[in-house]
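Scroll down for the structure; my scribbles are underneath it.
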Amino acid sequence: MGKNDHDAVLRARLLLLGSRQPSLPEALQAYRVLAEVSPRAYLPKLVDALLAMSHRSRAPGVGLGLVAEAVEAARRIETGLPAHAERLCRALNAYQAALFAHGRRAEGRAVCEEMAAAGDSGRLANVLAEEGRFLEAAALNEKKARDGVPEHTFWSLVEWAANLEGAGRHEAASAVFRELLDETRRKTAEQRTALSVLGWELVHHSRMREAAGHGREAAAGRREALTVLEELATTGEPKNWSCILSWWVTLYVLSGRGDEPAATPESPMPPFGSDLGWSGDTREAFLGTLPGLEAEASDLREAGRLAELVDVQRRISVRVALREGGHPHRFAGRLAPYFDEGLALARRLPDDPARLARALTDRSMFFLAARTFEPARTDFAEAVALLDLR
C-alpha cells in the first residue's frame, strides 16, 4: 500500500473517531476507503451509507448508481456473516426499484430473480403478474404461502387468488379465497379483525363466483355479506380498529382488473391483488391514464352514451381509490363524489340492473371504508334485491 493510501486510511479513521459527527457524504467516503482495508467491519457500513444516500438523491441516475454500488459492496461481504444476506437483500431490493423507476424492466426483473433465488420471491411474483405471467406468479405465491406459515395473511392469499384467477384457474382461485374467508370468520369471532374486512371479502368472493358462472354460490355469499352489514348497521364494529383502508383499496382495485387491457411483457399492468410492490413504472403509467379517461368520460357524457360512461367512470374511481384511498384524512369527502356520480349515472339505465347493482355495491363497500354503516347496508340491500330478481 502506498503512502497516499495510508494517508487516506488515516484521514478516514480520524474522521470517524473525531468529536464532530461526520456528514453522511463524509462518512460514505470514509467507508469506501476503509472497506478496502477492513472489509469485515466496514462493508456493511458502506452498504448502509450508500442506501441512505440513494434515498436523499434527487439527481437522475445518481440514486441508481449508488444502489448499484451498494449491491456490489453487499456481494463482497463474507458469505456466512449475518450481515451478508440482510444487506444483500436490502441492496437488491433498492436496486430493482431504481431500475424499474428508470424503465429498465429486463434488468429489474433479473435482479428480482436473484432475490427469489436468495429466498425472497415476493417481488418477482409481482413483476410476473405485471407482465401477465399469472401462473408463474401464482406458483411463487403458493410456495411462499405454504412454507410453514401457520396463519396465512390477507395479503398473501388475496395476491395468490388474484394471480390464479388471472391465469383462468377460477376454481383454484376460489379455493384459496375460501381459505382467507374461513380465517377471517375465525378472527372476527375472536374479535381479532374488523367485521368490515369480512364484508369486503364476502362481496369480493361473490364477484369471483359470479364471474366464474356460479350464480348460486355468489348469491349465498351476498346474503352472508348482507347479514354482516346489518350487524354493523345495528351495533357497529365490536372494537375500534386502526386504519384498515388498504384492505378495501386492494379488493376494489382488484375488482376493476377485468375492465383494463390485458397485461403483457411488452405492455405491463399493475399487479392487481397486491397492496405493495407495484413497480414504479406500472403505477405511474396506470395513474397517468386518469386525464385521458376523464376526457373520454366528458365525450361520452356529451354524446349521451350512458352505459359506456358508467364503465369509464368506474375505471376513474378505481384509480382515484388507488391514489388517495389509503389516506384517512378527509377520506369520505375526497372519494364520495366519484361513487355518488357512478351510482347516479347507473340509475339512468333502467334496463341495466347489473350495472346498477355494481354501482350500489361499489358505493356500499366505500361506505364501509368510511365507517358509515347504515348507508352501506341500504345500498347493498338494494343491490342484492336487484341481483336476486335476475
Filter result (small (G, A, S) and in a helix (DSSP H, G or I)) within region 302-342: A303, A307, S317, A321, A332, G333, A336, G342
Name every residue in region 36-48 that is within 21 Å of A118 (Cβ to Cβ), surrounded by fewer than 21 Cβ atoms within 10 Å (Cβ to Cβ) and either among the aliphatic types (A, V, I, L, M) or in contact (Cβ under 8 Å) with a residue 40 or more places away in the chain (or both), in order of residue number. R40
For H6, are the conditions met, namely being part of a helix (DSSP H, G or I) and surrounded by 15 or more Cβ atoms within 10 Å (Cβ to Cβ)? no
Within region 20-31, is there a residue that is among the basic types (K, R), at pLDDT below 90 and assigned to a loop (DSSP other than H, G, I, E, B)? yes
I want to confirm something. Restricting to region 76-123 and keeping residues that are under 26 Å from W160 (Cα atoms), crowded, with 23+ Cβ neighbours inside 10 Å and of a type outside the set (G, A, S), which single residue is nearest to the chain's Cα centre (by Cα)? R123
Out of region 246-280, which residues are touching a His at 6+ places or on another chain (Cβ under 9 Å) and more than 18 Å from T188 (Cβ to Cβ)? Y252, L254, S255, G280
Residue tally, condition under 15 Å from E72 (Cβ atoms) and surrounded by fewer than 19 Cβ atoms within 10 Å (Cβ to Cβ), over region 49-62: 0
Restricting to region 323-355, and then to whatever is at pLDDT below 95 and hydrophobic (A, V, I, L, M, F, W, C), can you tell me which residue is surrounded by the fewest Cβ atoms within 10 Å (Cβ to Cβ)? A332
Out of V318, V249, V253, V310, which single residue is among the β-branched types (V, I, T) and over 19 Å from the mean Cα position of the chain (by Cα)? V310
Set A295, A303, A344, A321: member being of a type in the set (A, V, I, L, M, F, W, C) and in contact (Cβ under 8 Å) with a residue 12 or more places away in the chain: A321
Could you list, in sequence order, the residues of region 237-246 that are more than 17 Å from the chain's Cα centre (by Cα) and surrounded by 13 or more Cβ atoms within 10 Å (Cβ to Cβ)? E237, W241
Hey, could you check region 86-141 for residues that are among the charged types (D, E, K, R) and under 18 Å from S274 (Cα atoms) and say which is modelled with the lowest pLDDT? D120
Here the residues within region 224-253 that are in a helix (DSSP H, G or I) and small (G, A, S) are A225, A233, S246
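The values are calculated or read from the model by the stated rules, or taken from the named source; none is laboratory data. Quantities reported herein were computed from a predicted structural model and do not represent experimental measurements. For neighbour counting, all protein chains shown are included, and Cβ atoms are generated from backbone atoms with ideal geometry for every residue, glycine included.
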